[in-house]
Amino acid sequence: MLKGRELAVFRKQLLAWFRQFQRNLPWRRTRDPYCVWVSEIMLQQTRVAAVIPYYERFLERFPNLHALAAASEEEVLRMWSGLGYYSRARNLQKAAQKIIAEHGGEFPSRLEDVLELPGIGNYTAAAILSIAFEEKHAVLDGNVARVLARLGAIRGDLYASRRWQELQKSTDAYLDTTVPGEWNQAMMELGATLCTPKSPQCLLCPVAQFCEGRKLGIAELLPEKRKKRGTVEIHLAAAVFSDQSGQTLLLPPPQERSTEPLADYVPTLVSNLWHFPTISVNGDPVTKLRGHLRKLQIQSQNGSLHFIPAEKVRHAVTYRAITVEPFRISVKKLPRITGAEKVPLREVTVLPVSNLTRKVARAALATTSSAARNR
Ligand code: SF4
């Protein structure tokens, strides 16, 4: 760990580099805690380039936490639709409502209060408090941990609890407490642009002379790989109804939430959002799907429904490798299912849906186009 003059030079060089080369990102033009918070939540598990248009649209529709708290959950999810990990949007809204109820609508500036908000952990709390309020909290996430592991040539699983605690001490010690918000962003920027997971660009690095990993020639090998959970293969079948005017049926977000869902628990796979009738299968998908439709009370014509297979859809969610077999079912009149909504198949995203559901819709639409071409 650096100390004294070396530490001062390290900080000076990293900050100078950040001030000159930082990316021009919309959330860096404000210190409004609401905007910083929205950006930090969107950036979890999502690339910067993908977040920018969502961030701008979201803030246009919900310019402050009062607007977010007052909106319907459905509308919040619709504005989030396509970003994935929808619990983030639900928690964002719940937290906005809690801030209004318990903090008079002002984003809290004490760490204990921020950590009480749904969806906010240590990293996000430190990021918001340092950037918006200049509170002296150092951030630590996978990105910063990688930089620290290389700087200190730290081996082993960084997420092992003792090692993670050491990394927290290390990030605390590096923190420049005169500009904590800028410092945290500089560390994150280094990890995002130069000290990237593959091929770190050490020749351009402003703190290369302090990097033990580089000196030892092992920077690219750090952090060492974690043991991965084995991939679980999941097979699903989905029913995509369509009537003569191109309308389809989507089922509402599942009400039941299992506390310990199995890997093929459909509500989790569709992100607890609007979805096509879908079932997990391990035999003949059509038989299984017919049985599922029967359970949904789709009695009329069930036996005579014609299932046209669409191209299989592949999707990955954490450790799950999902294959969906969508079946297009053309009907004169869409069946009635309690709670279901009719929407144009071409526009399933008028309701909040998961990426999996979008892919199924696309595959079903491609079936129609190729069927039309072959006619
Ligand atoms: S020298 Fe290379 S490995 Fe070390 S911090 Fe800089 S970019 Fe990362």
Here are the criteria: (1) crowded, with 21+ Cβ neighbours inside 10 Å; (2) under 20 Å from the mean Cα position of the chain (by Cα). Tell me which single one residue 137 does not satisfy. (2)
Can you confirm whether residue 223 is modelled with pLDDT under 95 and either more than 10 Å from the ligand (Cβ to nearest atom) or over 25 Å from the mean Cα position of the chain (by Cα) (or both)? yes
So which residues in the range 188-209 are within 20 Å of residue 140 (Cβ to Cβ), open to solvent by less than 20 Å² (accessible area, probe 1.4 Å), within 10 Å of the ligand (Cβ to nearest atom) and in a helix (DSSP H, G or I), if there are any at all? 190, 191
All-but-one check, residue 157 against (1) touching a helix residue (DSSP H, G or I) at 6+ places or on another chain (Cβ under 6 Å); (2) open to solvent by less than 60 Å² (accessible area, probe 1.4 Å); (3) among the charged types (D, E, K, R); (4) within 30 Å of residue 213 (Cβ to Cβ), failing number (1)
Could you tell me which numbered condition residue 278 fails, if it satisfies all but one of (1) among the polar types (S, T, N, Q); (2) out of contact with any Leu (no Cβ under 6 Å at 6 or more places or on another chain); (3) surrounded by 12 or more Cβ atoms within 10 Å (Cβ to Cβ)? (2)
Of the residues in the range 76-133, those that are of a type in the set (Asp, Glu) and in a loop (DSSP other than H, G, I, E, B) come to 106, 116
In the range 41-75, which residues are assigned to a helix (DSSP H, G or I), touching a residue at least 40 places away in the same chain (Cβ under 8 Å) and open to solvent by less than 60 Å² (accessible area, probe 1.4 Å)? 41, 42, 48, 65
What do you reckon, is residue 9 in a helix (DSSP H, G or I) and open to solvent by less than 30 Å² (accessible area, probe 1.4 Å)? no
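The values are calculated or read from the model by the stated rules, or taken from the named source; none is laboratory data. Everything quoted here is computed from the prediction, not taken from an experiment. Counting neighbours? That spans all protein chains shown, and the Cβs are built from the backbone with ideal geometry, glycine included. Heavy atoms of the whole protein, side chains included, go into the accessibility calculation; ligands, DNA and RNA do not. Shrake-Rupley method; radii C 1.70, N 1.55, O 1.52, S 1.80 Å.
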